[in-house]
Amino acid sequence: MKITKIEVKNLWGNDINWNLNNDVNILVGKNGSGKSTILRMLNETISSKKDIELNYRIFDPIDEIIIELENDNIIRANSEERKISGIENFSNINISYIDTFDTVEHSFDVSQTLLDNILIGKNGLKEKFILYQRNLSKSVENIFTHNENNPDKDKFEKIEKLYLAKNTFLKQINDFMSETNKIFDEENFNFIKKDISNPIEVTNLSSGEKQLLIILLTVLLQDQKPYILILDEPEISMHIDWQRKLINKIIELNPNCQIIIATHSPTIFYKGWDNHLKRFEEISAPADLSKQSSIIIEQTSKIPNKINHIKNEFIKVYAGTKQARLYQFNKILNKIPSLTYDESFEIIEILKQKKVFPDIFTYTTLISKVNSYDEADKLLILMKKNKIHPNEYTFNNLLKKAPSIDTGIEIIGKMKNSNIFPDIITFSTLLGKAKTIQEINTIEEYRKYYSIQPNEIYLNKLRIKQ
């Protein structure tokens, strides 16, 4: 499963839209532009299989990240809701993230670095490489055990194919290390050097050598399966000649790998990959706080008739009581990515015809699905007209559609008029929309006026914004 598009809403005041190639993708930009942040969020969203595994603080600089996969599949991670959706359907996504900064690890061994830990730490590449070799040996045994009647030539051809990736890896790493006369000892996971009796442990390699070994081992262990490989500035400490060869060597080792790289080095991509390059300013634009995700809008348009789809799904509901049927209907409604006001109005009328009357959850869900603030506000008016009283969750969903801080403050006024007081989620959502120090200060004044205590999410966003 490969990534086709990445969309980030409101990263430090910018919306990001990045269409990806199936093979190689290179992102360049100024320091602090957000390249590394996007890669970390991408990895965290896809590799975290459960909400509890998600490092939500990574998402505090944004409103939401939407990742489109092949076959129109979508994974979303929402900053404020601390929620990831869609990943439960894609347990087969293979992804590796390599951050090549070699810093001191916090451990009892002050000489050990993060790269050392990746190589020889618990569940590190050394352990995985040993397991990989054992599995190769078992596969060879199976070839001889289950193919007794086959000619030896066929058996050896299968074995040769089996060892192709490993032999490619050994040739690559030894070619890279040839200038310093180092040869990788696969049995002992170290390097030997001519005229030196003691082996060179991987922890004694230079940072550039460790980084190269980590990258090539990671790709080898992908076993030539479809894979997403994310590299954050792989050129750090890496010789310029190695930089030139890196992409081609990765593809040689795993032709099914989708590579996503953030880099400052033109040497990484100059050799035939410059047409796979995107500059950060090419994929970013000032954030439009009222605009729905282009991925979601596009996906929604592919549902030929959403109303008929919802009708057909509702017909399948066999729950007995009206309340139970409404609960099932709200679940169906929640799966629709996007709706217009007219569609929402029609859905409400359909329910009424079936003597199942929409509740606060129905209206709140509809408010979250429409594409603009004006449509969401019209639904709030309709909700009140039908004598359904909104709660703070309803208003917080309306606030997400607000095109400006001023509109957000007006929503807080509407909450007060409805005898509902804002909570920290209200102010955290509003803070995510702030673009200037003046707007931040205004939000802080209102938060203190309402005596709302900040939580970790709010304080982290405040720190990032300031």
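The values are calculated or read from the model by the stated rules, or taken from the named source; none is laboratory data. On a predicted model such as this, the values are computed, not experimentally measured, just so you know. Glycine gets a Cβ as well: all are built from the backbone with ideal geometry, and neighbour counts include every protein chain shown. For the accessible areas, the whole protein counts, side chains as well, though only heavy atoms, and no ligand, DNA or RNA atoms are used. Shrake-Rupley method; radii C 1.70, N 1.55, O 1.52, S 1.80 Å.
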Check your understanding: Lys/Arg Cβ at +1, Asp/Glu Cβ at -1, dipole of the chain taken about the Cα centre: which of ILE159, GLN466, TYR363 is farthest positive-ward?
Key -> TYR363
Point to revise | 1.4 Å probe accessible area per residue over the chain, in Å² | key: 50 Å²
Practice item. Excluding residues fewer than 8 places away in the same chain, name every one of the lysines whose C-alpha is closer than 21 Å to that of LYS435. Key: LYS9, LYS30, LYS35, LYS291, LYS400, LYS401, LYS448, LYS461, LYS465
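To check you understand DSSP bridge types, tell me what percent of the beta bridges within the chain (both residues inside) are antiparallel, rounded to 5.
Counting DSSP beta bridges with both partners in the chain, the antiparallel share is about 60 percent.
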**Study point:** Selected from ASN391, TYR446, ASN123, residue furthest toward positive end of dipole (the chain; charges at beta carbon)
**Key:** ASN391
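If you take the square roots of the eigenvalues of the alpha-carbon gyration tensor of the range 155-279 and sort them as a ≥ b ≥ c, do you get rounded (a/c under 1.5), prolate (a/b over b/c) or oblate?
Numbers: a/c = 2.16, a/b = 1.20, b/c = 1.80.
Judged from the Cα gyration tensor, the range 155-279 comes out oblate (a/c at least 1.5, b/c at or above a/b).
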Review point. Relative to the compact globular guide of 2.2 N^0.38 Å, what is the alpha carbon radius of gyration of the chain, as a ratio?
Key: 1.19
Review point. Which is farthest toward the positive dipole end of the chain among TYR132, SER197, ILE62, measuring Cα position about the Cα centre, with Cβ charges +1 (Lys, Arg) and -1 (Asp, Glu)?
Key: ILE62
Review point. Given charges of +1 on the Cβ of Lys and Arg and -1 on the Cβ of Asp and Glu, with all other atoms neutral, how large is the dipole of the chain about its Cα centre, in debye to the nearest 20?
Key: 1740 debye
Point to revise | ³J(HN,Hα), Karplus 6.51/-1.76/1.60, whole Hz, each residue of the range 268-278, x for Gly, Pro | key: 4, 10, 5, 8, x, 10, 5, 6, 9, 8, 10
Review point. To the nearest 10 square angstrom, what accessible area does ASP223 show with a 1.4 Å probe?
Key: 80 Å²
Review point. How much of VAL202 can a 1.4 Å solvent probe reach, expressed as accessible area in Å² and rounded to 10?
Key: 0 Å²
Exercise for review: Quickly rank 180-188, 31-39, 440-448 as a protection proxy: mean count of other C-beta atoms within 10 Å, highest first.
Suggested key: 31-39, 440-448, 180-188
Check your understanding: What full-extension length gain, to one decimal in nm, is calculated for GLU157 and ASN256 as 0.36 nm per residue of separation minus the Cα-Cα distance?
Key -> 33.4 nm
